[in-house]
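Engineer: Dumping the structure here so I can ask a few things about it.
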Amino acid sequence: MNDNQRPGGAEVDLAHLRAIAGHVTDDDFERDVPPASMWSAIAANAGRPANNIAVVPRTRRRVWLGVAAVVVTGLGIAGGLVVSRGARDDVIAETALSNEGLSPLGSASSGKAEIIRRGTSYVLHLDVSRVPSEPASYVEVWLIDRQVKGMISLGPYHGNGDYVIPSGVDPAKFPIVDVSIEPSDGVPTHSGVSIVRGVAAA
Amino acid sequence: MTLSPHASPAPTWAGDALDGAVRWSTCTDRRYSRSVVDDVGETPGRSGLEASFANGGDRAVRLAYDRYGSLVYTFCRRTVGHHDAAEIAQDVFVAAWRAQQSYDPGRGSLGGWLMAVARNKVIDHLRRQGRRPLTDAYADSASIPGLRNDDVDMVANRMLLAEALGELTPRAREVVELAFLQDLTHEQIAAKTHLPLGTVKSDVRRSLPLLHRTLAGLSSGGIHE
């Protein structure tokens, strides 16, 4: 290929990029979750008040996720179905979303969720009906791990559709799909008020 | 080799692991990924954070931690091991906090700047301990005498490149991979992907500066303490 056909421009050191790209492995995309105490330690060592920063939880409230719903396996799990939407858009896991045992605020809610591989990234496709609206609250979408310890927020519910799963997050490690009502109190933790939930499976 | 984060192996949906009753008792309140979600892709979030970081006060540092904390921590874990990773990563953000106003977005990415700080911390740490980094070649030989800074640099560069690739759209990432790994021309990429030639050129034109800028942050040198 001629130089003037090569991707890139004069401002980019292509040789440098190529040299690095040639050594990149899958491991380089993996990310570990820092210890939960790290931010507090950083703030303390920096002599700064961690709890006065808006995006930091002001209270470390203990989260109880639907105490009544103790058994995940009771939820509707669609198994064995892999729906092809084309070579670059595949449903790799899915689940029905149920309110069973969860907050009565979502007693009329139900739906389904799909984990979709789109090229080399993943999205959660969400379809929930009768999403409740509570004053001074919003609805939030989560992926949670099997131990119910690690949680990934996919952000506020913005209607049925796709929710981007952050790059570096392996959706297989966070198979529980959860939709919750969160008070607009600035506390960025799960409220424990879930309206629907399911466990995505292939 | 692949530049795709999940290309192989495919995620294992361990339904068997969920056969037993998973108790919904308590869970942690970890929410580290929130701002990462907000900033996926080439959204204003990334550039906005970089533009405002130096004078953004405590909140900007927290946002930087939300976005790059896992990157820095993972880098530390890979180079110094689990035992010391948290301490080194903490030192990185403490130093970044104290030197916040020295970050110049004109010299490169914020992620690269933080990784430069991390690289320096890691090298100092390893030098004090008289051992090599736990990079791929030395994963099982943490006590080998001597230190090769280029190993640490390479890991930092690779992780930053992966970080930048992760910010591209899947389409742009594929185009970049074909350009870099298979050395294809724009026309060949267009033919292979069935994308319009103009789209290929546009993806390349927009993607490469992002990759370059991300790595340039590392070259900026971080903080001189």
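The values are calculated or read from the model by the stated rules, or taken from the named source; none is laboratory data. For clarity, every value in this text was computed on a predicted model and none was experimentally measured. Cβ coordinates were reconstructed from backbone atoms using ideal geometry, including for glycine residues, and neighbour counts include every protein chain displayed.
Engineer: What number of residues within the range B:180-225 are modelled with pLDDT of 90 or more and in a loop (DSSP other than H, G, I, E, B)?
Structural biologist: Counting residues in the range B:180-225 that are modelled with pLDDT of 90 or more and in a loop (DSSP other than H, G, I, E, B) gives 4.
Engineer: Would you check which residues across the range A:95-123 are closer than 30 Å to residue B:195 by Cα and within 11 Å of another protein chain (Cβ to nearest Cβ) and list them?
Structural biologist: If the condition is that a residue be closer than 30 Å to residue B:195 by Cα and within 11 Å of another protein chain (Cβ to nearest Cβ), then A:115, A:117, A:118, A:119, A:120, A:121, A:122, A:123 are the ones that fit.
Engineer: Separate question: Only residues that are part of a loop (DSSP other than H, G, I, E, B) and buried (at least 18 other Cβ atoms within 10 Å of the Cβ): list them for the range A:170-202, please. Steps first, please.
Structural biologist: Restricting attention to the range A:170-202, the residues satisfying the condition of being part of a loop (DSSP other than H, G, I, E, B) are A:170, A:174-175, A:184-193, A:200, A:202.
Result: A:174, A:175, A:188, A:189, A:190, A:191, A:192, A:193, A:200, A:202.
Engineer: Okay, moving on. Specify which of the listed residues (B:163, B:177) is farther than 16 Å from residue B:113 by Cα, modelled with pLDDT of 70 or more and acidic (Asp, Glu). Give the steps one after another, and end with the answer.
Structural biologist: Details: B:163 fails: farther than 16 Å from residue B:113 by Cα.
Being farther than 16 Å from residue B:113 by Cα, modelled with pLDDT of 70 or more and acidic (Asp, Glu) holds for just one of B:163, B:177, which is B:177.
Engineer: Here's another thing I want to ask about it. Can you confirm whether residue B:162 is facing chain A (nearest Cβ under 7 Å) and over 19 Å from the mean Cα position of the chain (by Cα)?
Structural biologist: When the stated conditions are applied, residue B:162 does not pass them.
Engineer: Right, next: Of all residues being under 18 Å from the mean Cα position of the chain (by Cα) and among the basic types (Lys, Arg) in the range B:82-120, which is modelled with the highest pLDDT? Just the residue, please.
Structural biologist: B:119
Engineer: Any idea which residue in the range B:62-71 is farthest from residue A:42 (Cα to Cα), counting only those that are of a type outside the set (Ser, Thr, Tyr) and facing another protein chain (nearest Cβ under 8 Å)?
Structural biologist: Looking only at the range B:62-71, we keep the residues that are of a type outside the set (Ser, Thr, Tyr), and these are B:62-64, B:66-67, B:69, B:71.
Filter again for facing another protein chain (nearest Cβ under 8 Å), leaving B:62-63, B:66, B:69, B:71.
Working: B:62: 10, B:63: 13, B:66: 13, B:69: 11, B:71: 16 Å.
Only one residue tops the list, namely B:71.
Engineer: Out of all the residues in the range A:155-169, is one or more surrounded by fewer than 21 Cβ atoms within 10 Å (Cβ to Cβ), assigned to a strand (DSSP E or B), facing chain B (nearest Cβ under 10 Å) and in contact with a helix residue (DSSP H, G or I) (Cβ under 7 Å, 6 or more places away or on another chain)?
Structural biologist: Yes, that holds for at least one residue.
Engineer: Would you be able to tell me the number of residues in the range A:16-46 that are assigned to a loop (DSSP other than H, G, I, E, B), at the interface with another protein chain (Cβ under 7 Å from one of its Cβ atoms) and not charged (D, E, K, R)?
Structural biologist: The qualifying residues number 7.
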